[in-house]
Amino acid sequence: PSSTPTYRRVLLKLSGEALMGDSPTGIDPATIDMMATDIAAVAQSGTQVCLVVGGGNIFRGLAAAAKGMDRAQGDYAGMLATVINALMVQNALERHDVETRVMSAIHMSSVAEPYIRRRAVRHMDKGRVVIFAAGTGNPFFTTDTAAALRANEMDCDALFKGTQVDGVYSADPKRDPSAVRYDQLSYMDVLSKDLNVMDAAAISLARENKLPIIVFNIHAPGSFGAALRGEGLFTRIV
Ligand code: UDP
């Protein structure tokens, strides 16, 4: 029996790292364009899409704190980094004729709308892709937690997490050849085995609200659409 769900509305989390492609830092235009092609096809097929973008390719508060920077100040800088990425993603999507809105959790009215939940829902109902920037707007959080938060607020059917590999493994498959890939995991498995998927705050938020998380490889062309159709390799966390 086919258990492939059909999705009405989903959230895709793109880490800053995903936008780098093979570049050592910053944003790779070809990589971002490939993702935009994939997202545009999904949006044009009628599934409502919103995005949370990370900022780790530009700045991470935790890394800066390790070198002596005030943590909260570093985190604010990190949140601003996500706004830069959001504008780049917006531009890439608009070149594929997708209508978009950037909504920022930190007010920045010249470049993005302020985040207002009901307005975000309205944009999506009109077929616009909403890009959530500046994480949760609070230091000491991550964009993974922002993704779980926004997905719950937007009443999304699932949170898609695009990563560097095709799902969740028992160990890092790039370092450990004996690592096994899981098709499905429970939220508790992820927490108790301390699997490196999303931070515990994000997993807990998803668990409380029964929000499925689908982890897939963002670097394969068309992989977001495929994961939505239940094709290819991915790990489902339920
Ligand atoms: N950040 C924050 N609050 C949030 C989201 C992000 O303070 O709600 C900061 C934090 O410093 C983080 C940086 O923004 O290191 C970039 O986000 P993240 O590391 O989650 O990006 P990703 O790993 O997805 O690229």
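The values are calculated or read from the model by the stated rules, or taken from the named source; none is laboratory data. In this text the structure is predicted, and so the values were computed from the model without any measurement. Reconstructed Cβ throughout: ideal geometry from the backbone, glycine too, with neighbour counts over all protein chains shown.
Key figures
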item	result
Options Gly74, Gly56; residue that is in contact with an Asp or Glu (Cβ under 7 Å, 6 or more places away or on another chain) and buried (at least 17 other Cβ atoms within 10 Å of the Cβ)	Gly56
Qualifying position, being in contact with a His (Cβ under 9 Å, 6 or more places away or on another chain), over 28 Å from Phe234 (Cα atoms) and at pLDDT 95 or above, among Arg101, Arg95	Arg101
Ala63 vs. criteria over 20 Å from Leu11 (Cβ atoms) and of a type outside the set (S, T, N, Q)	yes
Where Val197 falls short, out of the listed (1) under 26 Å from Leu62 (Cα atoms); (2) in a loop (DSSP other than H, G, I, E, B); (3) of a type outside the set (Phe, Trp, Tyr); (4) free of Cβ contacts under 8 Å to residues at least 24 places away in the same chain	(4)
Helices (runs of 4 or more DSSP H) wholly inside segment 36-151 that include at least 3 residues being more than 16 Å from the ligand (Cβ to nearest atom) and in contact (Cβ under 8 Å) with a residue 12 or more places away in the chain	71-94, 117-125
Residue within segment 171-188 that is touching a residue at least 40 places away in the same chain (Cβ under 8 Å) and either within 12 Å of the chain's Cα centre (by Cα) or within 16 Å of the ligand (Cβ to nearest atom) (or both) present	no
Single residue of Thr31, Thr25 found to be assigned to a loop (DSSP other than H, G, I, E, B) and within 16 Å of the ligand (Cβ to nearest atom)	Thr25
Residue in segment 215-238 that is surrounded by fewer than 14 Cβ atoms within 10 Å (Cβ to Cβ) and either of a type in the set (Val, Ile, Thr) or farther than 20 Å from Ala40 by Cβ (or both) present	no
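Okay, residues lined up against (1) at negative phi; (2) touching an Asp or Glu at 6+ places or on another chain (Cβ under 8 Å); (3) not hydrophobic (A, V, I, L, M, F, W, C):
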| position | (1), (2), (3) |
| --- | --- |
| Leu14 | yes, no, no |
| Thr25 | yes, no, yes |
| Pro29 | yes, no, yes |
| Met35 | yes, no, no |
| Gln48 | yes, yes, yes |
